[in-house]
Amino acid sequence: MLSSTTLAYCFVWASLTQHIVAGGSNEYDSWGHSYGDYQNGWNSRSSSTWQRSTSRTKAASPVTSATSGLTVSSTTHGKSSSDWQDTSSSFRSTATTVTASLSSVESTTTCSSIATSVPYPATNSTVSGTSASPSKTGTALTGDASSTSGNTVTYDWNIGWVIAAPDGVARPVIGVNGQWPCPSIDVMQGDRVVVNVYNGLGNESTSLHWHGIHQRGTNHMDGATGTTQCPIAPGQSFRYEWIADQAGTYWWHSHNMGQYPDGLWGPLIVRDPNPPYQYDEELIITLSDWYNDQMPYIIHQYQSTAGEAEDGTPNPVGGALINSAKNVSIHVKPSTTYLVRIICPAAFTGHGWVFDGHNQTTVEVDGVYTVPVVATAGGKNVRIAPGQRQSFLMRTKDTTDKNYAILDFQDPNMLFINKGLTPDPVYPLNATAWLVYNTSADYPPPPVLYNLGNNDFFDDVNYVPLDREPLLGPVDRQLVIDMSMENITGISRYILNGHTFIGAKVPTLYSSLTVNETEVSNPTIYGDVNPYVFKYGEVVEVVMNNLHSNLHPMHLHGHQFQIIERSDPKAGKFSGSYSKLPAKPIRRDTVMVQNEGYAVIRFKADNPGIWLFHCHIELHVEAGFSASFIEAPEELAASGFTLPGDHINACKTYPMDYVGNAAGNDYNALNLTGAPDTVPKNNWGAIYPPTEDSAHS
């Protein structure tokens, strides 16, 4: 077990900076950078010269949200997101021409009645009641997603293009029912969730993944294209149906060819009818990064011989965003206990944050209740990796004479230091929001943080699960994965144990259901998707040796794993000896692995299915940083499960094979002739019609 002083990931500027302040806090405060003073944050002239910070002025009139008393306003521009949607009916993106207008759809949700300028409105169509506690026992696939609460919550979503400018630069983003930021899903534990999707994008395929939901018995609803389904082509419909059997904080996003950083994501909240702690109201806050170019263009640059060099992940030039905006006002009541749900849908960077003058008692991480701990005690800071969530209780002040700043800062090590780069003096590293008690009071600048190091952060490995689940063991299977980069035919690719992920002609789940049952446990039939086969009930230990110079947030579908150990940066490979085995290790579904260090996790293979294990930096996924965990395939094959018609239709219309091994061979599973085995050289992500390469990337 690592000590509390161990970094999860290190926000250390070393000699490169004297302090960190929030971008947009005060355009006249400089950063004290050793290479010369420069204007802080997004007020630089790198993007939009007409914007000005409002940290010492009154906020604009706030827009009231429908979510749990949260009020949000953005003062970065004079138009709401709905105004931006009216800017133009058509425009040319960096990759292709797209249309901004969306076809209208009939919806059973309340989405149309909520202001589009408000982040994350709930769009429930039913009111849920008390639900039963879910079983932790996994099952094979079933076509019956039966609610344990008796309630079904249905969403009808038209996915299409919207114009938005969260950093002041107008660009196409992907929204839902004409709205961006996209809506939240808000249900009770035990509810049956139905999301009817129509792809109205016109020029891109899509899919939806329910990040952190284990999909026990519904692996085919996991939403990962090429693994559990075919992409949804433009003009096609698809139905997702699953049980919300895990209370906690989650999020949904596209899981299709690097698409979600273009805006297709939102919070997913599963409410506990009997939560283990008391609170009065609730806030949902997202910390993300932003690109001004669209993802197909960025992917094509990154995954081409003329693209980025090794470890040259393009920086999100739009900088940090809080609730998909800059300079956000979050209105709170005095003498009130809030449950604050932090979600990090960032495409690249880890984020740290400070709520000035307010302590934070962590009570949940990645859907796992924790023993309550004041993570900010002793002046500690907190941080979160892409894909992770963290919830804490916060008691507001008794008086309303002051407002308080929120500082969100991206990890400069990931952006610059670990890539051997000098920090960009105009890069918008940070973002500012405010806890607003009084709209007539000043909006103060955020706190200044000097030379953050190991001892300045609470180590999230030290959280303890509230259920105090003991250490899994003995270990039945240890999988050691060496993670590194390699130039393959002129393209920088991530490799796991010497192999980069190359998508198959058939979704991996479909292969497990359609080849001979005697072959399903043979990893060869699945092709170059880095397949690892586990038997039902095995305790699996995964050792991740990060031989790369940067950090990587590793995410596992279908499970929450125990974090056994994590090294300091540059500690080298795992020696095989534990520093200290934790008696009751914390569980998460995403863990940040240190640069040139290692992490060790354990889980029980009790959820039959095909589960991706991948870095949650989206461009790294497109560069092959994934593995396929084939869990109890014999049970999948024996389930007699028949794919729903819209799954088969998605394959036919895309088109993509849906029967047979990785090569689409359904009569001899060991014959892989024709299976993809070369790195794509013309990858345009989710663009439709797909290029030959990107169809299986």
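FYI, it's all coordinate maths here, none of it is from the lab. Quantities reported herein were computed from a predicted structural model and do not represent experimental measurements. Cβ coordinates were reconstructed from backbone atoms using ideal geometry, including for glycine residues, and neighbour counts include every protein chain displayed.
If the only charges are +1 at each Lys and Arg Cβ and -1 at each Asp and Glu Cβ, what is the size of the charge dipole of the stretch 379-505 around the Cα centre, to the nearest 20 debye?
With only Lys, Arg, Asp and Glu charged at Cβ, the dipole is about 220 debye.
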Notebook entry, point to check: At Thr691 and Ser237, where each label point lies 7 Å from the Cα along Cα→Cβ, what is the point-to-point distance in nanometres?
Noted result: 3.4 nm
Checklist line | Segment Val169-Asp356, length gained on full extension (0.36 nm per residue, minus Cα span) | finding: 64.4 nm
Checklist line | Relative packing of 409-419, 355-365, 226-236, which averages over residues the other C-beta atoms within 10 Å, highest first | finding: 226-236, 409-419, 355-365
Next item on the list: Report the calculated FRET efficiency for Tyr667 and Asp476 (r = Cβ-Cβ distance, R0 = 30 Å), to the nearest 0.05.
Entry: 0.30
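Once you order the gyration tensor axes a ≥ b ≥ c over the Cα atoms, which shape class does the stretch 528-575 get: rounded for a/c under 1.5, otherwise prolate or oblate by comparing a/b with b/c?
Prolate, since a/c reaches 1.5 and a/b exceeds b/c.
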Next item on the list: Place a +1 charge on the Cβ of each Lys and Arg in the stretch 153-238 and a -1 charge on the Cβ of each Asp and Glu, then give the dipole magnitude about the Cα centre in debye, rounded to the nearest 20.
Entry: 100 debye
Next item on the list: At 7 Å along the Cα-to-beta-carbon direction for both Ile488 and Glu538, put a label point, then send me their distance in nm to one decimal.
Entry: 2.3 nm
Note to self: Residue by residue through the stretch 360-367, what is 3J(HN,Hα) from phi via Karplus (6.51 cos²θ - 1.76 cosθ + 1.60, θ = phi - 60°)? Round to whole Hz and write x for glycine and proline.
What the structure shows: 10, 9, 5, 10, 7, 9, 6, x
Checklist line | Distance (nanometres) between label positions extended 7 Å along Cα→Cβ at Ser639 and Lys570 | finding: 4.7 nm
Next item on the list: Using +1 at the Cβ of each Lys and Arg and -1 at the Cβ of each Asp and Glu in the stretch 423-519, identify which of Gly473, Ile502, Phe458 lies farthest towards the dipole's positive end.
Entry: Ile502
Notebook entry, point to check: If you average the sequence gap of Cα pairs under 8 Å that are 6 or more apart and divide by the length of the stretch 614-697, what percent do you get for the contact order?
Noted result: 13 percent
Margin query: Whole-Hz ³J(HN,Hα) for each residue in the stretch 411-419, computed from phi via Karplus 6.51 cos²θ - 1.76 cosθ + 1.60 with θ = phi - 60°, x for glycine and proline: what do you get?
Written below: 6, x, 5, 5, 6, 10, 4, 6, 9
Notebook entry, point to check: What residues qualify as long-range amide H neighbours of Tyr369, i.e. H under 5 Å apart, gap of 5 or more or another chain, H built at 1.01 Å from N?
Noted result: Leu466
Check: Any idea what the relative contact order of the stretch 568-675 is, in percent, if you count C-alpha pairs under 8 Å spaced at least 6 apart?
Finding: 16 percent
Checklist line | the stretch 357-477: relative contact order as a whole-number percent, Cα under 8 Å and 6+ apart | finding: 30 percent
Next item on the list: Step through the table entries Lys505/Lys570; Lys326/Lys397; Lys333/Lys380, compare each Cα-Cα distance with 30 Å, and write down the pairs that go over it.
Entry: Lys505/Lys570
Note to self: Taking the beta-carbon count within 10 Å as an exposure proxy, list Lys570, Lys604, Lys584 from fewest neighbours to most.
What the structure shows: Lys570, Lys584, Lys604
Next item on the list: Work out the length of the dipole vector of the stretch 375-444 about its Cα centre, built from +1 on the beta-carbon of each Lys and Arg and -1 on the beta-carbon of each Asp and Glu, and round it to the nearest 20 debye.
Entry: 280 debye
Item checked: Selection from Asn413, Pro445, Asn430, by position along the positive dipole direction of the stretch 372-446 (Cβ) -> Asn413
Note to self: List the residues, sorted by chain then number, that are 5 or more residues from Val480 or on another chain and whose placed amide H is less than 5 Å from its amide H.
What the structure shows: Val543
Next item on the list: Give, as ranges by residue number, the residues of the stretch 661-682 whose backbone N falls under 11 Å from the point 7 Å along Cα→Cβ of Ile648.
Entry: none
Note to self: Positive end of the dipole of the stretch 132-286, charges at C-beta (+1 Lys, Arg; -1 Asp, Glu), about the Cα centre: which of Trp180, Asn199, Trp251 has its Cα farthest in that direction?
What the structure shows: Asn199
Margin query: I need the phi-derived Karplus couplings for the stretch 152-162: 6.51 cos²θ - 1.76 cosθ + 1.60, θ = phi - 60°, integer Hz, Gly and Pro marked x.
Written below: 10, 10, 10, 10, 10, 10, 9, 8, x, 8, 9
Notebook entry, point to check: For the stretch 502-556, rounded, prolate or oblate, judged on the Cα gyration tensor with a ≥ b ≥ c (square roots of eigenvalues), a/c < 1.5 rounded, else prolate if a/b > b/c?
Noted result: oblate
